Amino acid sequence: MMPHLDAAIGVVGWGSPYPAPARGSRAVLAATGFVVEEHRVEGGVRRVTSGKSSGSLTCVQDRLLTREAGTPAPSARRRAGVRSWLWGPAFVAAIAYVDPGNVAANLTAGARYGYLLVWVLVGANVMALLVQYLSAKTGLVIGASLPELLGRRLRRGPRIAYWLQAELVAAATDLAEVLGGAIALQILFGLPLVWGGLIVGGVSMLLLMVQSRSGQRPFEFVVMGLLLVITVGFMAGLFVSDVSWPEAASGLVPRFAGTESVLLAASMLGATVMPHAIYVHSALARDRHGHRPAELPRLLRATRWDVVASMLLAGAVNVAMLLLAASSLQGMGGTDSIEGAHSAISGTLGPVIGTLFAVGLLASGLASTSVGCYAGATIMSGLLKVRVPMLARRAITLIPALAILATGVNPTWALVLSQVVLSLGIPFALAPLVRLSSDPELMGGYANPPALRIVAWIVVGLVVLLNLALITLTLTGGG
């Protein structure tokens, strides 16, 4: 900007006897022989348009936005937005916490150990709440997803290696979710697992078309609708079960009952903190709200509520499944598989509850496989700068799941194996997230404060240790 014009702005605009432009107004400065600039102040951002003009120095204010009678004040509108309209990305990410892998782990825990491991779900949910908020915050503050940030910092060789492990995690996630949906269709309609997998893949393509053609907000609404179906399907049985609430409360005290319960606790935690949910939440928050530094306080406040509400809902569903199994399935044989658990639920609580459970499982598979595909696209575009059409990616990633279904592999065993693969990818997602969100050079004043940084690293260490235990005990046949 020319020095004469700087002086003109000092006289006319900001800190002058002339009034500064109000929010939503414009101030036009003109001076003989000077560059003319139009300053627009909208939403806390000063926008500048330059041109040439002549004439005496003037200051013009023209009201651009007027408030109609009865329209809430901006602060009221902001509060309303915080409460509702800004919510959504965390609910999409929360689908990862109620996927078929969680169903298998929670039902097994309740059927074998009753209320003993309630504390594991509560603790895992608190950890997930922190992790998901850090992911969303990083995407909002920096304006880039976690894979994009890593792609900028890693050299070509490490970047490709990192992408390969992240894609392996995404493939394992997709396997579990297609399997869960196929099992649900077999329970409901007696379809072979391969046909069920094809149907799940086809419907997930339709869901992804909503995101590709209509944008993220309609996709969020569809996924949130499926989350509601999941909630009803998995929690309905709780209302007709004879839950011992004193025993459930005693389950909040951390303890184990042998090596096998440690293995199961590690599996429950591994099914809760999901690598692909960490990757995708940073992209979901960024894509939903954009990179708007001037509005970060409001967006982060809304994000905190979004994460808290979604994680509380997902945690409630998980705890409800464990309580249902503890009160109705404990000591019953055959409940170590989803099909066996459904059969036991139908026999104990009635066919209606059994059908609702199967519908919830189907919604879980459909929603989680769609979000998983979205996460895989985020990983590839961020790390390799390659964008594959979402539907093409969906068709390609469906092949391994269908191949495993076609071989006749035990679905429950395949689900367990997929959770082990997911566990391998957790440190690669968690450690960079905490490191980057704590970096003042990247995050500025929004970097994690020392206390939060310590808590976050403790969570990383605990999750990594428990998942190493899961891998070791699974591979050695412990318990």
- line: Checked pairs for region 153-175, first surrounded by fewer than 24 Cβ atoms within 10 Å (Cβ to Cβ), second modelled with pLDDT of 85 or more and not in a helix (DSSP H, G or I), C-beta under 8 Å and 6 or more apart or across chains, list as TYR162/LEU154
task: Give the residues of region 341-362 that are among the hydrophobic types (A, V, I, L, M, F, W, C) and either in contact with a Lys or Arg (Cβ under 6 Å, 6 or more places away or on another chain) or surrounded by fewer than 24 Cβ atoms within 10 Å (Cβ to Cβ) (or both), sorted by residue number.
output: ALA344, LEU349, VAL352, ILE353, LEU356, ALA358, VAL359
Restricting region 387-412 to residues that are surrounded by 14 or more Cβ atoms within 10 Å (Cβ to Cβ) and within 22 Å of the chain's Cα centre (by Cα), the residue that is nearest to ARG152 (Cα to Cα): VAL388
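Answer with yes or no whether TRP305 is of a type in the set (Phe, Trp, Tyr) and over 19 Å from GLN216 (Cβ atoms).
On the way: of a type in the set (Phe, Trp, Tyr): yes; over 19 Å from GLN216 (Cβ atoms): no.
Considered against the rule, which asks whether it is of a type in the set (Phe, Trp, Tyr) and over 19 Å from GLN216 (Cβ atoms), TRP305 comes out as no.
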- prompt: Which ones in region 257-282 are modelled with pLDDT under 90 and either touching a Pro at 6+ places or on another chain (Cβ under 7 Å) or polar (S, T, N, Q) (or both)?
  reply: THR259, SER261, SER267, THR272
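Condition first: of a type outside the set (Gly, Ala, Ser) and either surrounded by 19 or more Cβ atoms within 10 Å (Cβ to Cβ) or on the phi > 0 side of the Ramachandran plot (or both). Now tell me which residues in region 429-472 satisfy that. Walk me through how you get there before you give the answer.
Let us first name the residues in region 429-472 that are of a type outside the set (Gly, Ala, Ser), namely 430, 432-436, 439-443, 446, 448-450, 452-455, 457-460, 462-468, 470-472.
Hits for region 429-472 are LEU430, PRO432, LEU433, VAL434, LEU436, ASN448, VAL459, VAL460, VAL463, LEU466, ASN467, LEU470.
Table: residues versus (1) crowded, with 17+ Cβ neighbours inside 10 Å; (2) closer than 26 Å to VAL141 by Cα; (3) at pLDDT below 90; (4) not β-branched (Val, Ile, Thr).
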residue	(1), (2), (3), (4)
LEU284	yes, yes, no, yes
MET311	yes, yes, no, yes
GLY315	yes, no, no, yes
ALA320	yes, no, no, yes
THR335	yes, no, yes, no
ILE338	yes, no, yes, no
- prompt: Picking from LEU384, LEU415, which residue would you name as being modelled with pLDDT of 90 or more, of a type outside the set (Val, Ile, Thr) and more than 19 Å from the chain's Cα centre (by Cα)?
  reply: LEU384
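Taking PRO275, is it in contact (Cβ under 8 Å) with a residue 60 or more places away in the chain and over 19 Å from GLY372 (Cβ atoms)? Quick ask: steps written out before the conclusion?
Numbers: in contact (Cβ under 8 Å) with a residue 60 or more places away in the chain: yes; over 19 Å from GLY372 (Cβ atoms): no.
No.
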- prompt: What are the residues in region 322-333 that are surrounded by 18 or more Cβ atoms within 10 Å (Cβ to Cβ) and hydrophobic (A, V, I, L, M, F, W, C), if any?
  reply: LEU322, LEU323, LEU324, ALA325, ALA326, LEU329
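Here is a list: VAL232, VAL280. Which entry is touching a residue at least 60 places away in the same chain (Cβ under 8 Å) and either at positive phi or over 15 Å from the mean Cα position of the chain (by Cα) (or both)? First the steps, then the outcome.
On the way: VAL280 fails: either at positive phi or over 15 Å from the mean Cα position of the chain (by Cα) (or both).
Residue meeting the stated conditions: VAL232.
State yes or no: is GLY225 among the small types (Gly, Ala, Ser) and without any contact (Cβ under 8 Å) to a residue 12 or more places away in the chain? First the steps, then the outcome.
Working: among the small types (Gly, Ala, Ser): yes; without any contact (Cβ under 8 Å) to a residue 12 or more places away in the chain: yes.
So GLY225 fits the description; yes.
How many of the residues in region 353-364 are more than 20 Å from LEU227 (Cβ to Cβ) and in contact with an Asp or Glu (Cβ under 9 Å, 6 or more places away or on another chain)? Steps first, answer last, please.
Step one: of region 353-364, the residues more than 20 Å from LEU227 (Cβ to Cβ) are 354.
From the residues that got through so far, the ones that are in contact with an Asp or Glu (Cβ under 9 Å, 6 or more places away or on another chain) too are none.
So the count comes out to 0.
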message: List pairs: first residue in region 378-394 and closer than 15 Å to HIS281 by Cα and in contact (Cβ under 8 Å) with a residue 60 or more places away in the chain, second residue among the charged types (D, E, K, R) and in a loop (DSSP other than H, G, I, E, B) anywhere in the structure, Cβ distance under 6 angstrom, at least six positions apart or on different chains.
response: SER381/ARG387
query: Does at least one position in region 236-250 carry a residue that is modelled with pLDDT under 95, among the acidic types (Asp, Glu) and surrounded by 20 or more Cβ atoms within 10 Å (Cβ to Cβ)?
result: no
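Sort out for me the helices (runs of 4 or more DSSP H) sitting completely within region 78-163 that have 2 or more residues that are under 17 Å from the mean Cα position of the chain (by Cα) and at pLDDT 90 or above. Steps first, answer last, please.
On the way: elements: 89-94, 100-113, 118-142, 146-153.
So the answer is 89-94, 118-142, 146-153.
Among the residues of region 205-220, count how many are surrounded by 15 or more Cβ atoms within 10 Å (Cβ to Cβ) and without any contact (Cβ under 8 Å) to a residue 24 or more places away in the chain. Please lay out each step first, then the result.
At the first step, the residues of region 205-220 found to be surrounded by 15 or more Cβ atoms within 10 Å (Cβ to Cβ) are 205, 207-208, 210-211, 216, 219-220.
Those still in the list that are without any contact (Cβ under 8 Å) to a residue 24 or more places away in the chain too: 210.
Adding up the residues that qualify gives 1.
Would you point out which residue out of GLY365, GLY350 is under 25 Å from the mean Cα position of the chain (by Cα) and in contact (Cβ under 8 Å) with a residue 60 or more places away in the chain? Break it down stepwise before answering.
Details: GLY350 fails: under 25 Å from the mean Cα position of the chain (by Cα).
Selected residue: GLY365, the only one of GLY365, GLY350 that is under 25 Å from the mean Cα position of the chain (by Cα) and in contact (Cβ under 8 Å) with a residue 60 or more places away in the chain.
The values are calculated or read from the model by the stated rules, or taken from the named source; none is laboratory data. Remember, predicted model here, so these are calculated numbers, not experimental data. Ideal geometry is used to build each Cβ from the backbone, glycine not excepted, and the neighbour counts take in all protein chains shown.
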